[in-house]
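Chemist: Got a structure for you, questions after.
Please treat every number below as a calculation from the coordinates, not as lab data. On a predicted model such as this, the values are computed, not experimentally measured, just so you know. Every residue, glycine as well, gets a Cβ built from its backbone with ideal geometry; the counts of neighbours run over all protein chains shown.
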Amino acid sequence: LRNVLDENSSQTEILVLESPFLANREFGVMVERFGDQVAFIDCTFPVGEGLDDLRQGLERIRGEAEDAVRSGAGQLVLTDEHQGPGAVGMPMILATSAVHSWLTRKGLRTFCSINVRSAECIDPHYFAVLIGCGATTVNPYLAQDSLADRIDRGLLDGPLTEAMRRYRDAIDAGLLKIMSKMGISVVSSYRGGLNFEAVGLSRAMVAEYFPGMQSRISGIGLTGIEQKLEEVHRKGWLGGADVLPIGGFYKARRSGEKHAWEAQTMHMLQSACDRASYDLWKQYSAAMRANPPIHLRDLLDIKTLGKPVPIEEVESITSIRKRFVTPGMSLGALSPEAHKTLNVAMNRIGAKSDSGEGGEDPAHFVPEPNGDNPSAKIKQVASGRFGVTAEYLNACEELEIKVAQGAKPGEGGQLPGMKVTALIARLRHSTPGVTLISPPPHHDIYSIEDLAQLIYDLKQINPRAKVTVKLVSSSGVGTIA
């Protein structure tokens, strides 16, 4: 093995790429350019030979990768292109992290690049996870072949080069957005960082193949993954069908992936609202409760604390309502009508609504002739400061500094230009039709003292209002709060 710090001709044997995305032709040029320095590693395992085939396959590719690097290979190519009737493709995320972590343990990772040639990689999320698990470049060969096939059949207009340019631009834009959430600006800082958590994967397996990554609830291990892979393999290679089932991952299909919000359920909800029918609403609620667990929250249950409280000691409904709060959603996200209706409804029952980060129409600050109050009791101050004026800050009972929110952790708000109407532009002091983006951080809050200063400033404007800080509910947030 050469010394990576030596200043000699070996340090010039590199290719500088604008993106970790490699098209098929670029991948071919890379292989031709490096010649004998390229080592191909087959990321498949044989069908049905036992319940430990996947584990044995992972051990094999780790060993092959180590041997190749020690023999002088500077470019490893992990590929699943040899899958077929007798060979099952490994999950390339698992294969990539297994090789990356193994070479890191052996002190060999800096001597090579890991180039992933994957059929299952099609979207920015998959690219990001592959790179986060250690991939240097990614060649989505089947995605390009699929685009070429659709162009040949007349399903897509334009040449393949234009289609691939758009595809690459979309992937690159997605990667930039994902990296920016973590405050990372160069892909080399993101690579191998495992800046994510596992959901539903065995802790033991994660510790072995994704060292350093969290898996808080544990889940299935290699045996469970292997069984799922072989089930998919049978459908693809042994089912005898020319057209594979779509699967319904992105859009609900009757025989595909289970979705929490299915068409029939949504129809019941809309009908219940349109007809103001409580019976239909109960049908909708029953259908939602009948769903199998889909989200982590579906696994939670109400814990019995002890003996029932005597009914005379239970708080009145009026007292309980005071604690009800609607989540902060902006006028631009909801629509003026929905935003106002929520405010009026919550004020009628003595609860609180939250304006969201987009400001509020000053006309709402004056009660209506029938006594309704269309003003939100909680006014939000977000990173973009859209709509935040002295009048706005004084027309509330509570001021909420939004540091982050669970719906988009690490991101600021984004309102597409098509939603920026004349009204919203006036309230946000912007231009109609122009997309509005709130930065992920508050650029005036970089310390506890900065946050204290903002709280002080808000109290100077509205001494009567409570000031709260909104954080994402996550493990360890209590220490931060």
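Chemist: Using a 10 Å cut-off around each Cβ, can you sort THR431, THR421 from fewest to most neighbouring Cβ atoms?
Modeler: So the residues, fewest neighbours to most, are THR431, THR421.
Chemist: For the chain, what relative contact order do you get, as a whole percent, if you take Cα pairs closer than 8 Å and at least 6 residues apart?
Modeler: Relative contact order, the chain: 8 percent.
Chemist: Highest mean first, what order results for 154-160, 302-308 on Cβ atoms within 10 Å?
Modeler: Highest-to-lowest ranking by the protection proxy: 154-160, 302-308.
Chemist: Given VAL99, LEU334, VAL129, which one lies farthest toward the positive end of the charge dipole of the chain, if we put +1 on the Cβ of every Lys and Arg and -1 on the Cβ of every Asp and Glu?
Modeler: Going by the charge dipole, the pick is LEU334.
Chemist: Taking the Cα centre as origin and putting +1 on Lys and Arg beta-carbons and -1 on Asp and Glu beta-carbons, what dipole magnitude results for the chain, to the nearest 20 debye?
Modeler: Charge dipole of the chain: 1340 debye, to the nearest 20.
Chemist: Could I ask something else about it? Would you mind checking the tilt of helix 141-152 against the longest principal axis of the Cα atoms of the chain, expressed as 0 to 90 degrees and rounded to 10?
Modeler: With both axes taken from Cα atoms, the answer is about 80 degrees.
Chemist: Residue by residue through the stretch 352-362, what is 3J(HN,Hα) from phi via Karplus (6.51 cos²θ - 1.76 cosθ + 1.60, θ = phi - 60°)? Round to whole Hz and write x for glycine and proline.
Modeler: Couplings: 10, 10, 10, 5, x, 9, x, x, 8, 5, x Hz.
Chemist: Around ILE41, what is the net charge, scoring Lys/Arg as +1 and Asp/Glu as -1 over all other residues with Cβ under 13 Å from its Cβ?
Modeler: Charge balance in the 13 Å sphere: -4.
Chemist: Still on this structure, I have one more. Counting Lys and Arg as +1 and Asp and Glu as -1, each charge on the Cβ, what is the dipole of the stretch 170-304 about the Cα centre in debye, to the nearest 20?
Modeler: Charge dipole, the stretch 170-304, about its Cα centre: 260 debye, nearest 20.
Chemist: Around ALA198, with a cut-off of 15 angstrom between Cβ atoms, what is the net charge of the other residues, counting Lys and Arg +1 and Asp and Glu -1?
Modeler: Counting the neighbours of ALA198, the net charge comes to 0.
Chemist: Given axes a ≥ b ≥ c from the Cα gyration tensor, I'd like to know whether the stretch 133-232 is rounded (a/c under 1.5), prolate (a/b larger than b/c) or oblate.
Modeler: oblate
Chemist: Using helices alone, what [θ] at 222 nm do you get for the chain, with -39,500 (n - 2.57) per DSSP H run of 4 or more residues, divided over all residues and rounded to the nearest 500?
Modeler: -11500 deg cm²/dmol
Chemist: From the residues VAL388, ILE14, MET179, which one has its Cα farthest along the dipole of the chain in the positive direction, the dipole being from +1 and -1 charges on Cβ of Lys/Arg and Asp/Glu about the Cα centre?
Modeler: In the chain, that residue is VAL388.
Chemist: Here is a follow-up. Highest mean first, how do 166-174, 119-127 rank when packing is the count of other Cβ atoms within 10 Å averaged over residues?
Modeler: With the highest mean Cβ count within 10 Å placed first, the list reads 119-127, 166-174.
Chemist: Additional query: Working from Cα positions, state the angle (0 to 90°, nearest 10) between the long axis of helix 92-105 and the longest principal axis of the chain.
Modeler: With both axes taken from Cα atoms, the answer is about 70 degrees.
Chemist: On to the next question. Mind pulling the angle between the C-alpha long axis of helix 336-348 and the longest principal axis of the chain? Nearest 10 degrees, somewhere in 0 to 90.
Modeler: 50
Chemist: Okay, moving on. Between rounded, prolate and oblate, where does the stretch 305-392 land on the alpha carbon gyration tensor, with a ≥ b ≥ c its root eigenvalues, rounded for a/c under 1.5, else prolate if a/b exceeds b/c?
Modeler: Taking the square roots of the gyration eigenvalues as a ≥ b ≥ c, the stretch 305-392 is prolate.
Chemist: Further, regarding this structure: Got a sec? How would ARG150, ARG464, ARG191 order by Cβ neighbour count within 10 Å, fewest to most?
Modeler: Ordered by Cβ neighbours within 10 Å, fewest first: ARG464, ARG150, ARG191.
Chemist: In addition: Could you name the lysines whose alpha carbon sits less than 28 Å from that of LYS251, not counting residues in the same chain fewer than 8 places away?
Modeler: Of all the lysines, those that pass the test against LYS251 - Cα under 28 Å, at least 8 places apart if same chain - are LYS177, LYS181, LYS228, LYS235, LYS282, LYS408, LYS419.
Chemist: Please list, in order along the stretch 74-87, the HN-Hα scalar couplings obtained from phi with the Karplus expression 6.51 cos²θ - 1.76 cosθ + 1.60 (θ = phi - 60°), rounded to whole Hz, x for Gly and Pro.
Modeler: x, 10, 9, 10, 8, 9, 10, 5, 8, 5, x, x, x, 9
Chemist: Classify the chain as rounded, prolate or oblate, taking a ≥ b ≥ c as the square roots of the eigenvalues of its Cα gyration tensor: rounded when a/c is under 1.5, otherwise prolate if a/b is larger than b/c and oblate if not.
Modeler: Note, shape of the chain comes out prolate.
Chemist: So for each of 101-109, 132-140 I average, over its residues, the number of other beta carbons within 10 Å; can you give me the resulting order with the highest mean first?
Modeler: Put in order of decreasing packing, that is 132-140, 101-109.
Chemist: Under 5 Å between amide hydrogens, which residues at least 5 positions from THR44 or on another chain qualify, with H placed 1.01 Å from N in the peptide plane?
Modeler: Placed amide hydrogens put MET90 under 5 Å from THR44.
Chemist: Here is a follow-up. Let me know the charge dipole size of the stretch 376-448 about its Cα centre in debye, to the nearest 20, where only the beta-carbon of Lys, Arg (+1) and Asp, Glu (-1) is charged.
Modeler: 260
Chemist: Arrange the following residues from fewest to most other Cβ atoms within 10 Å of their Cβ: VAL77, VAL366.
Modeler: Ordered from fewest to most neighbouring Cβ atoms within 10 Å, VAL77, VAL366 come out as VAL366, VAL77.
Chemist: Which is farthest toward the positive dipole end of the chain among GLY358, THR318, THR110, measuring Cα position about the Cα centre, with Cβ charges +1 (Lys, Arg) and -1 (Asp, Glu)?
Modeler: THR318
Chemist: Each label point is 7 Å from the Cα along the Cα-to-Cβ direction; what then is the distance between the points at ARG60 and LEU305, in nm?
Modeler: Here the modelled spin labels are 5.8 nm apart.
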